[in-house]
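Notes follow the structure.
Read-outs: derived from the displayed coordinates by stated rules, not from any lab. None of the values given here were measured: they were computed from a predicted structure. With ideal geometry, Cβ positions are generated from the backbone for all residues, glycine too; neighbour counts draw on all protein chains shown.
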Amino acid sequence: MTADTITIRFFARLREELNTEQLTLPAQPGLTTGAILASLAERGGAWTQLQGEQPVMIAVNQTMAKLSTEVRAGDEVAFFPPVTGG
Amino acid sequence: MISIQTEDFDPAAEYQRLRDSGAGTGAIATFAGLVRDSGDLSDVEGLYLEHYPGMTEQVIEGLIAEASSRWDVRRARIIHRVGRLALQEQIVFVGVCSAHRSDAFAACQFLMDALKTSAPFWKKEITASGEHWVEQKNSDVARSDAWK
């Protein structure tokens, strides 16, 4: 990770279905987690589920976030299914 | 104190440690969750548990802080296992020390209910015919929301 990128992490079912544990994207002014999901969904295939009916939970820097949360260079964004521990 | 680990734990030893929480402790409530043979699927042979290292501990710290602000909590202990677990193995332990039983019961149940819907753990059921990521249950969300 360099200073002008954002790290994206996926967990559990999403990690498996996207066959991706982690990727990096360039940071842009005003970028939100919702915009990241929309652009990743354009990759097609399994990625379209990021804009689908199944809920995708979002964390920014390991704190729960919303679609409107702004993301800055150096941030760690995580997308994952609803949690099922315990 | 929070432990996320692959290894098993000893509830008797954890209970003894909770007893050392001071002379003000008059009640200890503990809970243990085990791997069951049916969930989303029947004939479950085991589980695989994944988590988000760092965030998991942070979320549980927050839950313990919330429990401590709502009830008399002298000590809280949470252990959650990850990785591959066989039938009847222990998954999770929650122990709470309080002055009185009502606070110990309430804080223990709150921690367990809130952990299930907010700590970033994911369970996968393993059967002879395949694997299945467990879906979050509306009933679990309702139990957790009831504490709000």
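List of remarks:
- Local electrostatic count, A:Q28, Cβ distance below 13 Å [Lys/Arg +1, Asp/Glu -1]: -2
- Think of each Lys and Arg Cβ as +1 and each Asp and Glu Cβ as -1; about the Cα centre, that makes the dipole of segment A:5-80 roughly 60 debye.
- Between segment B:103-148 and segment B:23-59, the Cα center-to-center distance that results, in Å: 8 Å
- Long-range amide H partners of B:G26 with built H, under 5 Å: B:S98, B:A99, B:H100
- Residue-wise HN-Hα couplings along segment B:58-65, as the Karplus relation 6.51 cos²θ - 1.76 cosθ + 1.60 with θ = phi - 60° gives them from phi, are 5, 5, 5, 3, x, 5, 5, 4 Hz; Gly and Pro carry x.
- Mean-square fluctuations from a GNM of chain B, with a 10 angstrom spring cutoff on Cα atoms, peak among B:P11, B:P53, B:P120 at B:P53.
- Once backbone amide H atoms are built at 1.01 Å from N, B:F121 has A:T84, A:G85 as its partners under 5 Å, excluding neighbours fewer than 5 places away on the same chain.
- Computed from point charges on the beta carbon alone (+1 for Lys and Arg, -1 for Asp and Glu), the dipole magnitude for the protein assembly as shown about its Cα centre is near 600 Debye.
- Under 15 Å from the B:S102 label point (7 Å along Cα→beta-carbon), backbone N, segment B:23-63: B:27
- Residues of segment A:11-49 with amide N under 12 Å of a point placed 7 Å along Cα→Cβ from A:D4: A:26-29
- About its Cα centre, segment B:9-136 has a charge dipole of approximately 520 debye under the convention of +1 per Lys or Arg Cβ and -1 per Asp or Glu Cβ, with nothing else charged.
- Other residues whose C-beta falls under 15 angstrom from the C-beta of B:A114 contribute a net charge of -1, scoring Lys and Arg +1 and Asp and Glu -1.
- Using θ = phi - 60° in the Karplus curve 6.51 cos²θ - 1.76 cosθ + 1.60, the 3J(HN,Hα) couplings for segment B:134-148 round to 5, 8, 5, 8, 4, 5, 5, 5, 5, 5, 5, 5, 5, 7, 6 Hz; x is entered for Gly and Pro.
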